[in-house]
1. Could you list, in sequence order, all residues of region 373-389 that are open to solvent by 60 Å² or more (accessible area, probe 1.4 Å) and either modelled with pLDDT under 85 or hydroxyl-bearing (Ser, Thr, Tyr) (or both)?
2. Taking residue 76 and the conditions (1) more than 14 Å from the ligand (Cβ to nearest atom); (2) open to solvent by less than 10 Å² (accessible area, probe 1.4 Å), which numbered condition does it fall short on, given that it satisfies the others?
3. Residues of region 379-389 being in a strand (DSSP E or B) and not hydrophobic (A, V, I, L, M, F, W, C), which ones?
4. Only one of 259, 228 is of a type outside the set (A, V, I, L, M, F, W, C), more than 9 Å from the ligand (Cβ to nearest atom) and open to solvent by 30 Å² or more (accessible area, probe 1.4 Å); which?
5. If we keep just the residues of region 642-681 that are among the basic types (Lys, Arg) and part of a loop (DSSP other than H, G, I, E, B), which is nearest to residue 697 (Cα to Cα)?
6. Residue 64: surrounded by fewer than 16 Cβ atoms within 10 Å (Cβ to Cβ) and on the phi < 0 side of the Ramachandran plot, yes or no?
7. Can you tell me how many residues in region 828-860 are touching a helix residue (DSSP H, G or I) at 6+ places or on another chain (Cβ under 6 Å) and not in a helix (DSSP H, G or I)?
8. Scan (1) aliphatic (A, V, I, L, M); (2) farther than 22 Å from residue 798 by Cα; (3) surrounded by fewer than 19 Cβ atoms within 10 Å (Cβ to Cβ) for the single condition residue 867 breaks and write down its number.
Amino acid sequence: MSARFKAPKGTFDVLPAQAVPRARVERAAAELLGRAGYGRIETPAFEDTELFERGVGEATDIVRKEMFTFEDLGGRSVTLRPEGTAPIARAYVEHGMHKLPQPVKLWYAGPFFRYEAPQAGRFREFSQIGAEAIGSDSPLVDAELIILLDALLRELGVPELELRLSSLGSGEARGAYREELQAFLRAHESELAREVRDRIDANPLRAFDSKDERTGAVMAQAPTILERLEGDDAEHFEAVRRLLDEAGIEYALDGTLVRGLDYYTRTVFSFGCPRLGAQSEVGGGGRYDALVEQLGGPAAPAAGWAVGVERIVLAAGSEEEQSTSDVFVAAADDRREAALALVGELRRAGLSADLDLAGRSLKGQMKQADRVGARHTVILDEDGGAVLRDMSSGEQTEVGHGLRPEDVVTASGEVVRRDPEMINPEIATGEFELRVANAEQISDADTPPFEIESFSGEVGEEMRLRHRYLDLRRDRMRESIELRARVNAAMREFLDSEGFLEIETPMLSRSTPEGARDFLVPSRRDPGSFYALPQSPQLFKQILMVAGLERYYQIARCFRDEEQRADRQPDFTQLDLEMSFVTVDDVLDLNERLLAHVFERTGRATLELPLPRLPYDEAIARYGTDRPDVRFGLELVELTDALRDTEFKVFRGTIDAGGIVKGLNAGRRELPRSELDALIGRAQELGAGGLVWAFREGAGWRSPVAKFLSAGELAELNSRLGAEEGDLLLIVADQPKTANAVLAQLRIELAQRFDLVPTDREQLVWIVDWPLFEWDPEASRWDPLHHPFTQPAGELDPDSPGNARALAYDVVWNGQELGGGSIRISDPDLQLGVLEAIGIRPDEANERFGFLLEALRYGAPPHGGIAYGLDRFVQRLRGADSIREVIAFPKTASGADPLTGAPARVDEAQLRELGLALRPAQRRAPS
Ligand code: HAM
């Protein structure tokens, strides 16, 4: 192969063998620094060029000639970071970290870039690990940093460590020293290297770093600041030294140590390892008390260090890591699938396991096992047998006699404690194992179509449902089914203790009006007649009340032939209950205690009773929906009457057409124009004509529509929305239903986006005082909001059904409806009146559910109840994504059951018996 491409000069690839010692360095640093309270920070690999010019210093080598600087497509000058301190100081300022307890301790690791001449230990891209403590000038900070770095390098086995220490002073003293040094250098100008001479003005300290021999001789005579330290600087340095002495850290004082970055003040230090030759510094650092301020931040004295990962690895040397695995699974050709499954199981059990991926013969695979240093090999032979081979002793034992995952076996023997290295804390029985004396295979399993406990990726739902018996073997599914059973048991336990009777109502009944389409069952004995499966036991439970069975409940199957949606099932389960001689308060009280009991029995949060009650109108006003999530604010605010006379056409037109203007205050946010446009798009997607956004700015707004609104209107809107400087306001003008629905949804999406939803809290709330009817403009009639058997509150005025209120209630859990119910109509005449109000004439009413009306005529007690969607309830408790996760045998979203193949064709004879014939288009062979 041609060697056309190579890693760029001064860079290198890290191959797996080298990755191991490098990772060890990072791990050791993470642990050591973590224990010392340093938090990990990651900053970008490139920054504004000016950050380094200002931070590191324009006269330094790094800035003058080592930076990888380029213009981005927007014409900004950016630079691949040559070092980490200036970026961390930038982040400290940018994120206002001076408000945190000081000092803020941060560590980082990653690639850095300097255009230096490559040589051993010097690269153009290298890895640093650094630590910075910002916000304290205590000498303890300097000492702790040095002690930590010393400990890190020792732990990593860097040999012959040498620590040099100095102080560069600060403030005026430092200025004075600089001048003295400049004078000295000028006096020796002729003996100095060109490069040093050129920089007497800009960077005289760098003369100490010159590699030129003659310059070196001059500099040996040069004054050092260390000899001239005075006042606080001297005291600080003395304190650092005392602390290091006490900690037993050895160091050499070296006044020529200046380090090549301009930000240093006071303490500087350098750890070297002479073995490394020319680039012998492994790491170093110092104090930089003025940097943060220089970058526009508050006064924040700081110190830190950085080490070069490559140099540590070079210095410490690395033993060739022999890669090993616990088990190699070798397989005959027809056992390769089993081998992959076995490797998966072994890995899940915490062992390292590998297999042949190159189609080798069994013999080749054994060689490969040897090559990768496997301690054991499992050989799956073509007879279905399995042999375990200890690779060091060569000892072989036959295992499992061809046992495969999912075979059913019985085994007996002695239960023993596992060897310490075999203990697996991940599994409940991980400390013990069975020493098998006798084993018998009872049932032989085919290779399952998917791994039962799959660790990689998800199995498709269709596949899971088709083999639900395998899917239900998974721990996750078993736990869901167990939870569901516990919920049922807790409900029964509570209702039984409250004197409720569990009564079953029929599955085969007649079609009644409950909103959805019925599932019909043809009658064989009376061809042309049909039973309907119940959409709910509503009418039966009312009849039970008439029957004097005062407290009824049932965990009931309901059937609705609705358009399928992701989280709907054609057959689903309700907890249905009904009580006689009760008021709304009685029903709510009993149900709150029921919910609290279920929560307690399933180990959920204790519910605080009574639950809050929110009138329907208030829910719509404040949240735009009758299912509000009340765990967070962002409440909606009515603005219509403040804008009745506005000149702004969009608002005015909507209001004049009977619409409303409502808004919410999303708090102080900074969103770019593109995201504001996206919000408008989202509002339109949800059905609104548009969305107005505005940021409060001074007395007015920054908003595309600000100019259309008067100062008075802006002030009024700001006051209603409680807008403070910088707050983002979102406003929708539309017909009430649309405006509320759009804002309700935006409110939830914004809360999620801004992390305002306290997901660790459960909040249940009753929605009460519902309207009895709502107007259906398409059908041009009044529809019941709950169902037509709901008792109106007070008299029903046939002339204004829209004003009627219902004795109805819903319980809403974190923004999802959990259950709903009402006090029912027990007066047959009132029932007829309500039916008439929604357009069902008495003769039609009698035809469809005369049986209920008749029952009500024989002495009906006042009664009411509730029904809960049990599948949803358990789904929420479980935190599952879909209700199918908590149903043993659910249907797919299209209503099919892949396990049984339902719905399916039936044969002609069956149809004939029922007196049915399919229309030609629907005729197909039975499947
Ligand atoms: P520095 O001395 O420039 O300090 O770099 C720290 C370490 O990075 C050096 O000791 C060396 O191990 C490694 N290093 C530097 N350049 C290269 C290179 N071209 N190839 C390989 N390794 C290299 C700083 O960067 C300061 N920010 C340290 C600091 C933190 N001071 C205060 N806080």
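The values are calculated or read from the model by the stated rules, or taken from the named source; none is laboratory data. What you see is a predicted model, and the numbers here were worked out from it, not measured in a lab. Quick reminder, even Gly has a Cβ in these numbers, built from the backbone with ideal geometry, and neighbours come from all protein chains shown. All accessible areas refer to the heavy atoms of the entire protein, side chains included, with ligands and DNA or RNA removed. Shrake-Rupley method; radii C 1.70, N 1.55, O 1.52, S 1.80 Å.
1. Listed by number, the residues that qualify are 382, 383.
2. (2)
3. 389
4. 228
5. Applying the filter and picking the extreme gives 669.
6. For residue 64, the condition - surrounded by fewer than 16 Cβ atoms within 10 Å (Cβ to Cβ) and on the phi < 0 side of the Ramachandran plot - is met.
7. 2
8. The failed condition is (3).
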